[in-house]
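This report refers to the structure that appears directly beneath it.
The values are calculated or read from the model by the stated rules, or taken from the named source; none is laboratory data. Given the structure is predicted, the values throughout are model-derived calculations rather than measurements. Here Cβ is always computed from backbone atoms with ideal geometry, including for glycine, and neighbour counts include all displayed protein chains. Heads up: the accessible areas ignore ligands, DNA and RNA and are worked out on the full protein's heavy atoms, side chains in. Shrake-Rupley method; radii C 1.70, N 1.55, O 1.52, S 1.80 Å.
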Amino acid sequence: MTLCSGTTVPYVQQRLAHELQKQFAILPGGRGMNGNPVIIFPEFPAFGELAEDELQNVLGYLTSVPSVAASGVGFILVIDRRQDRWAAVRATLHRIAGSFPGNLHLVLVLRPSTFLQRTLSDFFKVKKDEFKMKVVMLSSVTELHAYIDPGQLTTELGGTQEYHHDSWISHRTAIEAFALMVKTTAQTLQAFGTELAETELPNDAEATTNLLQAHTLKKEKMKEDLQVALSQGGRLLDCIKEPLRTDPECNMTHDDVENLATVQRLLGQLDETETAFDDFWERHCTKLEQCLQLRHFELQFREVRAQLDVISERLSGFSEVSVSPAHADHVLRELSSHEGKACDVLDRALSLAGKGDRLIEDSHYAEDSIRPKCSELRAVCEEISSTLRSKKSLLLRAMELHHALEKALHWCEEGIYLLASQPVDRCQSQDGAEAALQELERYLDTAPLHTLADRSTFCCQYEATLTAQLLDQIERVFQKQGSVQEMFEKRRISLKKLAAKQTRPVQPVAPRPEVKSPLSSPNLQRKERRYSADSAISKKLDSPIHNGGNRHASLSEEEENLAVLRRHVMNELLETERAYVEELLCVLEGYAAEMDNPAMAHLIPSSLQNKKDILFGNMSEIYQFHKRTFLKELEAYTDCPELVGRCFLERMKDLQIYEGYCQNKPRSESLWRQCSDCAFFQECQKKLEHKLGLDSYLLKPVQRITKYQLLLKELLKYSKGCDGCDDLQEALTSILGILKAVNDSMHLIAITGYEGNLSELGRLLMQGSFSVWTEHKKGHAKVKDLARFKPMQRHLFLHEKALLFCKRREENGEGYEKAPSYSFKHSLSMSAVGITENAKGDNKKFEIWCNSRDEVFIVQAPTTEIKSAWVNEIRKVLTQQLQACRDASQQKNSDPVSPSPTSNNTSGTLSPFRSNAQKNQKKQEEKKFESSTISEVSCLSSPKHKGKKQPKLFQ
């Protein structure tokens, strides 16, 4: 191989080492006078028998060992044939002349020493030109020393040079092996460097990490190979220098000197290769590390950018304006909560941008890719921060606007209450009129602090937050202010006239003293005073000191007061409806949707998987109805709250979806208690930043359906005589019917042990707990009497077609799980039932009997009202059956081919009235039906459960 110095060093192969061992030609390292390398051919009788390729291989190898400079001068061959024949010498010269591969300078032949052979060599002097090389025949080594210094010859040729052929071969093998190791190492490092240079940088952090680890392992292996080569070269160098350490005056041969230089050059080449490789590896490793930093930066950028997009999208959903103070407060709280989340993401984004700046400062190769991302992060963060500040500022301004409007409305309402609550009898005297006038004057003095001044100035002040709806509200407030001030002005004029009028003293009649509770607070008295405005106004209208015009004005004031109260209730209805819709959406997005999120799957326990429908019921259906339909229709009645009953009536069937939700509530409660502590719910609650758990929000639909009847009652209270009063009453009745149906169905689904289909028994009319005694005609007298003193506690379910007797079981669990269960015991077909309204001994008892009183059930209700309600309801069922039977009989009598009226009636519609023997009894029962009254009743517990929590779902 060619070294950096240009010296060619062959590799001693196995077969060549064997040929060199024959020692027919050696290169001991001597030089001629002109520095010619000396190759010696020792005595070797079998030289003529050597194969030609063997001779060429050895000569080719020996001529390649000296340096190029020495080989260019020409080789001197010393052929020792002193013990040989001339014929062999002649043959040797011919073979050498034809096989020598190098530049041949001179051939010195020590000719045979015998007389005959010497004679032949003398003859040769005449024929030497035939060898085409300069040949000198020498008779002794003394003549040889004239051409080559004895110090450059071995001891066999009379020289002083020590030569050991085996050591020479071993030495040459070690040098060539080291040269080969250097070559292999250099090639391997070059190939590895090429591989590193051509490696494409991965696109993800994991692949980059793996590549860096793989390249580092290969690099460590290369370094180990380098260290092995350097260690071997060092040992070889020490071996070459060994003679000098043992004998500093030792003269090294030229070949030893060249070998020493060769090994030193090889070691230098290794050092240079290692240094170059280390430099290259440092650059490559730095690039890989920067690539890994870039991939991590890009990954974090994508994550943060996605979070920023979510924040921006969520932020865009926040309205800058609001329709009510409650809505503004709700949006502001939600925005503040969102701001907390946004700040965390913004801090992370800005921190990532700073990290990118540091990468650029460290001369990262991907500066052109990092810098735009840093700029983008800062721009998006600034945009989000600006939007947050803007929306928050606008919402705060909206809150100020709403508070100002509320403050003005409150002043107007307080003024209306003041006008309505001024006692009429006090104004009959001059002093009383003056006192009332002063009271009005004092209240009017507070107007600048509470009312709105100029409409245009006020609108300009809150221009950024105004919408068409808010403009309408502002207009209504100013109109309200004007109306109230006009009312005050009229009252002032009236009171001034009364105060100035000198009337005859009127002896007032002392009113009936009022008894005030010592526990009543001023606030409570104030509320009582406000909500008794109707009676105060009516008293004022009846006062004899008011003429027709004043009476008309008082009537307008009364209507205005009621309108204010109606608007109050309507505002509460709308605000709570909007908040309710927002809460449902929050639950569906923050909990229900997250159950389908693969990223949250590991947090969901097995007991909760695939049970979203059980946990949330039909909440999604309820949300869609309120969001898309009911809320919008309610908002249409903002200005006419007295007509909102029509909206409820039109959507009464849709509101029945709450029945399914409430029936599923026990299953939902049970599932919640099993999984309430799981990490999934905690993580969702943490993200939503809710203070209350999911169970509180799952109760919202139940609370909402019960809230409607309270709001309708309030509206009905302030809408007497209005156009929509009847609709409000009908809507209230329907809502109460839904609540009762839901409540009854909650008990109905708790029945166990009934083998039939409950849906075939018709609509559930009533249910409740009673004490029940039974009597049987065939029973033993003592057993019958004993039964009277030991009533059974039974829960009765009255259907259109049957009456069920069930036994109430103990309540277990908490919340909705406390609803009891009912074990089915007995049933009576309503087609075979008779009723006795009054039983002996107690006015709360009544009798239910069948089969000609063979079996009698004495039922004791908790109260006489409950008894009356049940008797009336049973009577209605029997009356309807009787009327159906009569209609069927009239149709049969009009039909000429109708069957005989004495035939058996298999329909079973009114079995207690079928036989002739029972006609009198039937008439008596009908009279009882006609004489009874019907009263409304709620489902109460039996005396045994009095004082305990009732099993009703809606309290």
Between segment 362-404 and segment 70-105, what's the alpha-carbon centroid distance in Å?
95 Å
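Which value, in debye to the nearest 20, gives the size of the charge dipole of segment 14-163 about its Cα centre, when Lys and Arg are +1 and Asp and Glu are -1 at the Cβ? Could you put the intermediate results ahead of the total?
Working: 15 positive and 15 negative charges, 87 e Å.
Once rounded to the nearest 20, the dipole reads 420 debye.
For Cα pairs less than 8 Å apart in space and 6+ apart in sequence, what is the mean separation divided by the residue count of segment 183-291, i.e. the relative contact order in percent? Intermediate values should be presented prior to the final figure.
Numbers: 42 pairs, mean separation 47.3, N = 109.
Dividing the mean separation by the residue count of segment 183-291 yields 43 percent.
May I ask you to derive the FRET efficiency for ARG85 and LYS223 from their Cβ-Cβ distance with R0 = 60 Å, giving the value to the nearest 0.05?
Numbers: r = 61 Å, r/R0 = 1.02.
Computed FRET efficiency for ARG85 and LYS223: 0.45.
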Under 5 Å from the placed amide H of MET766, counting only residues 5+ away or on other chains, we find LEU798
Those GluC sites (Glu not before Pro) from segment 221-264 that are DSSP loop and have at most 14 other Cβ neighbours within 10 Å turn out to be GLU249
Using the Karplus curve 6.51 cos²θ - 1.76 cosθ + 1.60 with θ = phi - 60°, what ³J(HN,Hα) values do you get for each residue of segment 842-856, in whole Hz, with x for Gly and Pro?
7, 6, 9, 9, 8, 10, 10, 9, 8, 6, 6, 6, 5, 10, 10
If R0 is 30 Å, what FRET efficiency do you get for LYS807 and ASP695 from their C-beta distance, rounded to 0.05?
0.45
Among MET487, CYS459, CYS412, the residue whose Cα sits farthest towards the positive end of the charge dipole of segment 403-499, when +1 is placed on the Cβ of each Lys and Arg and -1 on the Cβ of each Asp and Glu, is MET487
Projecting each Cα onto the charge dipole of segment 583-700 (Lys/Arg +1, Asp/Glu -1 at the beta carbon, about the Cα centre), which of LEU634, ILE657, CYS647 comes out farthest on the positive side?
ILE657
Using bins 5 angstrom wide from zero, how does P(r) for segment 29-95 break down, in % of all Cα pairs?
4, 15, 25, 22, 18, 13, 4, 0
Please list GLU367, GLU847 from largest to smallest accessible area, probe radius 1.4 Å, with all protein chains kept in place.
GLU367, GLU847
Using alpha carbons only, how many angstrom separate the centre of segment 244-264 from the centre of segment 673-746?
107 Å
Expressed in angstrom and rounded, the centroid-to-centroid distance over alpha carbons for segment 131-162 and segment 636-658 is 134 Å
